[in-house]
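Trainee: After the structure tokens below, expect a handful of questions from me.
The values are calculated or read from the model by the stated rules, or taken from the named source; none is laboratory data. Note that this is a predicted model, so its numbers are computed, not measured. Heads up, the Cβs are rebuilt from the backbone with ideal geometry, glycines too, and the neighbour counts pull from every protein chain shown.
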Amino acid sequence: MRALTKRSHALVTLFQVRAERPIVTDDTDDAPDRSSRSGEPRHDEDIRRAARAAADGELVVYPTETVYGLGADALDPDAVERVFELKGRDRENPLSLGVTSVDAALRYTRPTEFAVAFARAFLPGPVTVVVERDEAVPDVLTAGSDRVGIRVPDHDVARALLDRAGPLTATSANVSGTGSVTHPDDLGDRLCEGVAAVVADGETPGTESTVVDPETGTIHRRGAMAGAIAAWLDDPPVEQ
């Protein structure tokens, strides 16, 4: 684990960053360790505040099992547009849809049975599953495509936020063209000034998710679990 400057990262809670970037910590030597990803009560208020911010159309940063993500209401075109603006991301480069479970994803997508079987095999996990979207998903999220990437993080804090806030954009919390953020300390000024809240949970592994369209058998980006995914697609345990 790495340390915050003069403070223990393990006790970081949500901090507001509109006007400044205070970090709430407990500097006592006998403070309990709170560095787990278990979604313990210490995160409850953080999650509530971030969910309220997302409901108001604002942006939030949240941890995942890969890197820190930048979240906005994924069904609100204006909020999604703010993500593109803050990241400086090309509008032709779609964003993914973050949800709590495969069942939750089915409310916003129209996957085949084969794609559902694949998703249930690998989600939650560091995999983005590309499927046909429902009309509830705005064009701006998918860059006009009829397909959308589904992300179900294998991270209790992230899923607790998604459970309370509903679908959020699932994209790395960084300016396009710069490295992904694995620790709240590494969020640049632009990101910190552009979001309403950061839910901090220490360091994340830093791996990228594998992006795959199981219906076409296409791996768009190789990342975590790419070998297992390729093996599943080569010899699927279900009929396509």
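Trainee: Please indicate, with yes or no, whether at least one residue in segment 128-146 is modelled with pLDDT of 95 or more, of a type in the set (Gly, Ala, Ser) and within 25 Å of Asp46 (Cβ to Cβ). Break it down stepwise before answering.
Mentor: Looking only at segment 128-146, we keep the residues that are modelled with pLDDT of 95 or more, and these are 128-146.
Keeping just the survivors that are of a type in the set (Gly, Ala, Ser) gives 136, 143-145.
Filter once more, keeping what is within 25 Å of Asp46 (Cβ to Cβ): none.
Among the residues of segment 128-146, not one is modelled with pLDDT of 95 or more, of a type in the set (Gly, Ala, Ser) and within 25 Å of Asp46 (Cβ to Cβ), which makes the answer no.
Trainee: Residues of segment 108-117 being more than 19 Å from Ser145 (Cβ to Cβ) and touching a residue at least 24 places away in the same chain (Cβ under 8 Å), which ones?
Mentor: Looking only at segment 108-117, we keep the residues that are more than 19 Å from Ser145 (Cβ to Cβ), and these are 113-114, 116-117.
Across segment 108-117, the qualifying residues are Glu113, Phe114, Ala117.
Trainee: Quick one: count up the residues across segment 130-140 that are in a loop (DSSP other than H, G, I, E, B) and touching a helix residue (DSSP H, G or I) at 6+ places or on another chain (Cβ under 6 Å).
Mentor: Within segment 130-140, the first condition is being in a loop (DSSP other than H, G, I, E, B), and the residues that meet it are 134-138.
If we keep only those that are touching a helix residue (DSSP H, G or I) at 6+ places or on another chain (Cβ under 6 Å) too, we end up with 138.
Residues that pass the stated criteria total 1.
Trainee: Sticking with this one: Say we look at segment 78-100 and pick out the residues that are basic (Lys, Arg) and in contact with a strand residue (DSSP E or B) (Cβ under 9 Å, 6 or more places away or on another chain); which of these is surrounded by the fewest Cβ atoms within 10 Å (Cβ to Cβ)? Write out each step before concluding.
Mentor: So the first thing to find is which residues in segment 78-100 are basic (Lys, Arg), and the list is 82, 87, 89, 91.
Filter once more, keeping what is in contact with a strand residue (DSSP E or B) (Cβ under 9 Å, 6 or more places away or on another chain): 87, 89.
Values: Lys87: 24, Arg89: 18.
It comes out as Arg89.
Trainee: Assess whether Leu75 counts as being modelled with pLDDT of 95 or more and more than 14 Å from Leu161 (Cα to Cα).
Mentor: Details: modelled with pLDDT of 95 or more: yes; more than 14 Å from Leu161 (Cα to Cα): yes.
Answer is yes for this residue.
Trainee: Additional query: Just for segment 124-138: of the residues that are hydrophobic (A, V, I, L, M, F, W, C) and farther than 18 Å from Phe114 by Cβ, which one is surrounded by the fewest Cβ atoms within 10 Å (Cβ to Cβ)?
Mentor: Applying the first criterion (hydrophobic (A, V, I, L, M, F, W, C)) to segment 124-138 yields 127, 129-131, 136-137.
Pick out the ones that are also farther than 18 Å from Phe114 by Cβ and you get 136-137.
Details: Ala136: 11, Val137: 21.
By that ranking, first place goes to Ala136.
Trainee: In the list Phe84, Phe15, which residue meets the criterion of being within 13 Å of Thr169 (Cβ to Cβ) and either of a type outside the set (A, V, I, L, M) or modelled with pLDDT of 95 or more (or both)?
Mentor: Values: Phe15 fails: within 13 Å of Thr169 (Cβ to Cβ).
Testing whether each residue is within 13 Å of Thr169 (Cβ to Cβ) and either of a type outside the set (A, V, I, L, M) or modelled with pLDDT of 95 or more (or both) leaves just Phe84.
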